[in-house]
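Accompanying notes for the structure given below.
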Amino acid sequence: MQIYLVGGAVRDSLLNYPVYENDWVVVGATPEKMINLGFKPVGKDFPVFIHNKTGEEYALARTERKSGRGYQGFEFYTSTDVSLEEDLVRRDLTINAIAQDSDGNLIDPFNGQKDIQLKVLRHVSDAFIEDPLRVLRVARFAARYHHLGFTVAPETMALMKSIVEQGEIEFLVAERVWKETSRAMQSKSPHIYIEILRECGALDILFPEINALFGVPQRADYHPEIDSGIHTLMALQQAVKLSDSAAVRFSVLLHDVGKAITPAQTLPSHTGHESRGLPLVKKICDRFAVPNEFRELAMAVTEYHLLCHKALELKPATILKLFTNIGAIRNSAKLTDFLYCCEADARGRTGFEDNHYGSTKYLTQALETVAQTDISDLVAAGVEGREIGRQLKQRQIAKLTEFKAAYTAV
């Protein structure tokens, strides 16, 4: 029995990148032996075990054979005679097919270290084409390491395109698509994830609403970059500068999907794209069972981003309605994330990248003003129900009116 550190921990150590978890492969063991050693079995498709002290995963070395469609269509074989190299050859990329023994020696049968030096994401073998999930994984790794200079090898991109052409992408389950996408949104370059999926054709299958934005023109006076898809990616890059939140970045990615269905006769104007986009955002979120945190922010940004851009022109009653509708009255953090998204949209335009976004300070202070509204006298007087709500709203609007007058007078 031999145990090797494999995958991401080895790869990221070689890249001097933070290592957050260790994965291990065990050669020459049986499930019974692992259990006798105190490991807890958790794997359904193949034997995976949890270390009773560290909580880390230990998988028996295995081989696999394609037996159906999608990433779940495999039969796995584990035995004491499966070698380390046979286990590594089934992995997706050469940089993920490096193992390390207990003495720190590296086992690298597929030249992963060389590809790290070359900064190339390259498939290990032609078996790559059997698993459609690898298309998303390569796109995610490209987004994760783009800032280090990594690119996808042309021959790997060719296989990714072949996977798409064979229709395998359509068999990916929503849960896995969302897992890879949300992780990509947390990377340093999430726009690269979208670009890679678009290049291989997967974006049109998984996110046709986003893919449809490319080639749709916008008014050059507002959007010198013209193309709606390019603007979306530029806004996503700005979101990365503003927030680490995957929900913020995902919401920016979806904020303009309504522009893809603007009637041709009205182009390049997109009046009403906010309301047109809402059903599309809902459709995407439903398709991938997107968590409510992401869904609610994406819907709010899609509907109200243009309103936010002209915040200083809004009536106090409209501002209060905006705060209420995005949930900021009860949770000020929702306004913070909403403003990050709107600022990313405003700055995600050619020549506007470094512009000041005045709505952020104005609306932040406006919400603080609303939060200071005192109704203790109403409570003491026994006012309740709808009446206390009506009077609270009146006082909030009055405070916003005073705030706006003072703010604009400065």
* To do: Answer yes or no as to whether A264 is aliphatic (A, V, I, L, M), buried (at least 22 other Cβ atoms within 10 Å of the Cβ) and over 11 Å from the mean Cα position of the chain (by Cα).
  => no
* All but one of (1) surrounded by 17 or more Cβ atoms within 10 Å (Cβ to Cβ); (2) more than 30 Å from the chain's Cα centre (by Cα); (3) at pLDDT 90 or above; (4) hydrophobic (A, V, I, L, M, F, W, C) hold for I3; which doesn't? -> (1)
* Structure fact -> Here the residues within the range 167-200 that are more than 23 Å from K241 (Cα to Cα) and surrounded by fewer than 17 Cβ atoms within 10 Å (Cβ to Cβ) are G167, E170, F171, V173, A174, E175, E199
* Asked: How many residues, within the range 3-61, are part of a loop (DSSP other than H, G, I, E, B) and in contact with a Lys or Arg (Cβ under 6 Å, 6 or more places away or on another chain)?
  -> 1
* Being within 23 Å of the chain's Cα centre (by Cα) and modelled with pLDDT of 95 or more, is that true of even one residue in the range 366-381? -> no
* Asked: Within the range 86-128, which residues are in a helix (DSSP H, G or I) and within 24 Å of the chain's Cα centre (by Cα)?
  -> I95, N96, F128
* Only one of (1) surrounded by fewer than 19 Cβ atoms within 10 Å (Cβ to Cβ); (2) farther than 28 Å from L400 by Cα is not met by L280, so which one is it? -> (1)
* **Unmet criterion (only one of (1) at pLDDT 95 or above; (2) within 20 Å of R90 (Cβ to Cβ); (3) among the β-branched types (V, I, T)) for I129** => (1)
* **Failed item in (1) on the phi < 0 side of the Ramachandran plot; (2) free of Cβ contacts under 8 Å to residues at least 60 places away in the same chain, with E209 passing the rest** => (2)
* Just give me the residues in the range 387-410 being farther than 14 Å from L367 by Cα and either touching a strand residue (DSSP E or B) at 6+ places or on another chain (Cβ under 7 Å) or part of a helix (DSSP H, G or I) (or both), in sequence order. => E387, I388, G389, R390, Q391, L392, Q394, A405, A406, T408, A409
* To do: Please find, within the range 299-348, the residue that is nearest to L254 (Cα to Cα) out of those that are surrounded by fewer than 20 Cβ atoms within 10 Å (Cβ to Cβ) and of a type in the set (D, E, K, R).
  => E303
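The values are calculated or read from the model by the stated rules, or taken from the named source; none is laboratory data. Remember, predicted model here, so these are calculated numbers, not experimental data. FYI the Cβ positions are ideal-geometry reconstructions off the backbone, even for glycines, and counts take in every protein chain you see.
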